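Participant: To start, I am sharing the structure in question, which I have written as C-alpha cells.
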Amino acid sequence: MSALYGTYARSPLAFERGEGVRLIAQDGTRYLDFHAGIAVNALGHADPHLVRTLKDAAEKVWHTSNVFTIPEQERLGQRLVDNTFADSVFFTNSGAEAIECAIKTARHHFFAKGEPDRYEIIAFTGSFHGRTMGTIAAAGNPHYVEGFGPPLAGFTHIKPNDIKLVEAAITSRTCAILIEPVQGEGGVTAMDVEYLRGLRALCDKHGMLLVLDEVQCGYGRTGKFFAYEWAGIEPDIMAVAKGIGGGFPLGACLAKGDVAKSMVPGTHGSTYGGNPLACTIGNAVLDRVLEPGFIEHVNQMGQRLRWHLQQLQQRYPDYVVELRGKGLLAGIKIKDSVVVRDFTARLRDDHQLLMQGAGDNVLRFLPPLIITEADIEEAVGKIADAFAAIEAEGDKEHVTA
C-alpha cells in the first residue's frame with residue numbers, strides 16, 4: 001500500500017527517462033508524449049540547454065531567501081517585463097500561487113485606493129485556477145469546493161463568451177474580471193477574440209481590472225507568446241506557470257505598475273518563490289522560447305494539428321463531435337459513449353500515446369512545443385487506430401448479439 005495520499009487515480013506506469021517528445025518507461029517501452037506533464041514540458045524532455053544550465057547552477061546557489069537580491073530573479077523579471085504588458089513581476093512556485101497573488105493584488109489595489117468594498121471578482125463556469133482554497137472558490141466548480149467548508153466569498157460565476165451576461169453581473173463591488181483566454185481543464189474552450197476585447201472595454205468603462213489566467217495557455221502554446229496577443233488587448237494582471245519552468249516548479253504574477261504599487265513589504269511573500277535555481281532554469285527556458293522562429297514554429301504546428309484533426313473528424317464523424325482550443329492547446333469533444341478517461345487509458349496502453357482528458361468529455365492535446373508535423377501525424381494516426389478498434393469491437397458485439 002502506498003504511503004502517499006490517494007488524491008490521484010494513478011496509472012502504474014513509471015518512466016525512467018525522456019528524449020524530446022518521447023518518454024521511456026522502466027521496461028524500455030517508448031511513448032509519444034502529447035501530455036507534457038499537463039502543458040509543463042514546453043521544451044520536451046532532456047533539452048540540452050536546460051540540462052547544461054541545471055548542472056551548472058547546481059554547483060552554485062540553490063536557495064537563499066527573498067530578503068536578499070537574487071540576480072537571476074531580477075533578470076527573468078526584467079525579460080518578462082520587456083516582452084509583455086507588465087511592469088512588475090512576483091515569482092511563485094505554481095500556477096495556483098500565481099492566481100492567489102493575482103487575486104490579492106486586484107483586491108489590495110482597490111483597498112489602497114480607498115475602495116475596500118470593491119473586492120468582488122467576476123469569474124466563469126468551466127474555469128480552473130488551481131487547488132488552493134482561494135482558487136477553487138474562483139473557479140466555482142461544485143466538485144472542487146465540496147467538503148472543504150464555506151468557499152471564499154467574493155466571486156460571481158457566469159457562462160463565458162456572452163458579453164451581455166458579464167455586463168449584467170457588474171456591481172459597485174466588482175473590482176475585476178478573471179478569465180482563461182483558453183480554458184484547459186474545463187473543456188478546452190477558447191474565448192472569442194471579440195469577447196476578450198469586450199471584457200477589456202467593460203473593465204475600462206467601469207474602472208475594473210482584467211485578470212488573465214495564462215497558466216496553461218501562455219508561454220507560446222497558442223502560437224503567440226501569450227494568448228491575449230491574439231485579441232490585441234492587454235490585461236492588468238496575469239498569472240503564468242507550467243511552461244515557464246519547462247518542468248521545474250515556477251510561476252509568476254505579472255502586473256502593470258500602477259496596479260502592483262500597493263503590494264509593499266508585508267502584503268505578500270513566498271519562501272521558495274523565485275529562488276536562484278528556479279529563476280536560472282526560467283531564464284534558460286526563456287532563452288529557447290524567445291529564439292527567432294520558435295513561436296512561429298508553434299503557430300505553424302498548431303495550424304497543422306488543426307488540419308489533421310479536421311481530417312480525423314471527417315473520417316470518424318460519429319466519434320469526433322467538435323474541435324476546440326487554440327494552437328497546441330487543442331481538444332476534440334468525443335461522443336459521450338466513449339468516456340474520455342477510458343479512451344486516454346486505451347491510447348496509453350494499446351497505442352503508447354500519452355494524452356490528457358478534460359471536462360465535457362474532451363480529449364486534450366498538450367504536446368511539447370518542439371513537436372514536428374511527423375509527430376502530429378503519428379499521434380492522430382494512433383487516435384484513428386483507437387477509434388477503429390472501438391468500432392470493430394462494437395461490430396463484433398452486434399454480430400454476437
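The values are calculated or read from the model by the stated rules, or taken from the named source; none is laboratory data. Because the structure is a prediction, the values reported are computed rather than measured. Virtual Cβ from ideal backbone geometry, glycine too; neighbours counted across all protein chains shown.
Participant: Read through the list (1) in a helix (DSSP H, G or I); (2) over 29 Å from A57 (Cα atoms); (3) not charged (D, E, K, R), then give the number of the only condition that G114 fails.
Facilitator: The single condition G114 does not satisfy is (1).
Participant: Do we have any residue at all in the stretch 22-35 that's in contact with a Phe, Trp or Tyr (Cβ under 8 Å, 6 or more places away or on another chain) and farther than 19 Å from A345 by Cβ?
Facilitator: Yes.
Participant: Quick test for you: out of V67, V51, pick the one residue that is more than 25 Å from K261 (Cβ to Cβ), loosely packed, with under 14 Cβ neighbours inside 10 Å and among the hydrophobic types (A, V, I, L, M, F, W, C).
Facilitator: Residue meeting the stated conditions: V51.
Participant: Out of L305, L290, L286, L277, which single residue is over 30 Å from F365 (Cβ atoms) and touching a residue at least 24 places away in the same chain (Cβ under 8 Å)?
Facilitator: Unique residue meeting the criteria: L277.
Participant: Right, V264: free of Cβ contacts under 8 Å to residues at least 12 places away in the same chain, farther than 27 Å from R364 by Cα and assigned by TED's automatic domain parsing to the domain that holds F226 or not?
Facilitator: yes
Participant: May I pose another question? If you go through the stretch 337-372, how many residues are surrounded by fewer than 21 Cβ atoms within 10 Å (Cβ to Cβ), more than 17 Å from L312 (Cα to Cα) and among the hydrophobic types (A, V, I, L, M, F, W, C)?
Facilitator: Residues that pass the stated criteria total 3.
Participant: Inspect all residues belonging to the stretch 159-173 and state whether any of them is crowded, with 19+ Cβ neighbours inside 10 Å, among the hydrophobic types (A, V, I, L, M, F, W, C) and not assigned by TED's automatic domain parsing to the domain that holds R304.
Facilitator: Within the stretch 159-173, one or more residues are crowded, with 19+ Cβ neighbours inside 10 Å, among the hydrophobic types (A, V, I, L, M, F, W, C) and not assigned by TED's automatic domain parsing to the domain that holds R304.
Participant: Any residue at all in the stretch 194-203 that is in contact (Cβ under 8 Å) with a residue 60 or more places away in the chain and buried (at least 18 other Cβ atoms within 10 Å of the Cβ)?
Facilitator: No: zero hits.
Participant: Considering each of F90, F155 in turn, give the residue that is crowded, with 16+ Cβ neighbours inside 10 Å and in contact with a Cys (Cβ under 6 Å, 6 or more places away or on another chain).
Facilitator: F90
Participant: Still on this model: Among the residues in the stretch 344-364, are any assigned to a helix (DSSP H, G or I), among the aliphatic types (A, V, I, L, M) and out of contact with any strand residue (DSSP E or B) (no Cβ under 6 Å at 6 or more places or on another chain)?
Facilitator: yes
Participant: Same structure again: Considering the stretch 273-308 alone, what residues qualify as being assigned by TED's automatic domain parsing to the domain that holds N41, small (G, A, S) and either closer than 25 Å to E72 by Cβ or in contact with a helix residue (DSSP H, G or I) (Cβ under 7 Å, 6 or more places away or on another chain) (or both)?
Facilitator: None; the set is empty.
Participant: Just to be sure, is E72 among the acidic types (D, E) and touching a strand residue (DSSP E or B) at 6+ places or on another chain (Cβ under 7 Å)?
Facilitator: Against the criterion (among the acidic types (D, E) and touching a strand residue (DSSP E or B) at 6+ places or on another chain (Cβ under 7 Å)), E72 does not qualify.
Participant: Having 1 or more residues that are among the charged types (D, E, K, R) and within 12 Å of the chain's Cα centre (by Cα) is the bar; report the strands (runs of 3 or more DSSP E) wholly within the stretch 145-253 that clear it.
Facilitator: 209-213
Participant: Can I ask one more? E120 is checked against (1) of a type in the set (D, E); (2) over 20 Å from the mean Cα position of the chain (by Cα); (3) crowded, with 22+ Cβ neighbours inside 10 Å and fails just one. What number does that condition carry?
Facilitator: All conditions pass for E120, except number (3).
Participant: OK, next. If we scan the stretch 233-243, do we find a residue that is at pLDDT 95 or above and surrounded by fewer than 19 Cβ atoms within 10 Å (Cβ to Cβ)?
Facilitator: yes
Participant: Considering T29, T53, T84, T92, which residue is over 23 Å from T280 (Cβ atoms), in contact (Cβ under 8 Å) with a residue 60 or more places away in the chain and of a type in the set (S, T, Y)?
Facilitator: T29
Participant: Is it the case, given these coordinates, that L323 is buried (at least 20 other Cβ atoms within 10 Å of the Cβ) and touching a helix residue (DSSP H, G or I) at 6+ places or on another chain (Cβ under 7 Å)?
Facilitator: When the stated conditions are applied, L323 does not pass them.
Participant: Out of the residues in the stretch 373-401 meeting the condition of being β-branched (V, I, T) and surrounded by 14 or more Cβ atoms within 10 Å (Cβ to Cβ), tell me which one is modelled with the lowest pLDDT.
Facilitator: Per the stated criteria, the residue is I390.
Participant: Given (1) closer than 21 Å to S94 by Cβ; (2) among the charged types (D, E, K, R); (3) touching a helix residue (DSSP H, G or I) at 6+ places or on another chain (Cβ under 8 Å), identify the lone condition not met by K60.
Facilitator: Among (1) closer than 21 Å to S94 by Cβ; (2) among the charged types (D, E, K, R); (3) touching a helix residue (DSSP H, G or I) at 6+ places or on another chain (Cβ under 8 Å), the lone unmet condition for K60 is (1).
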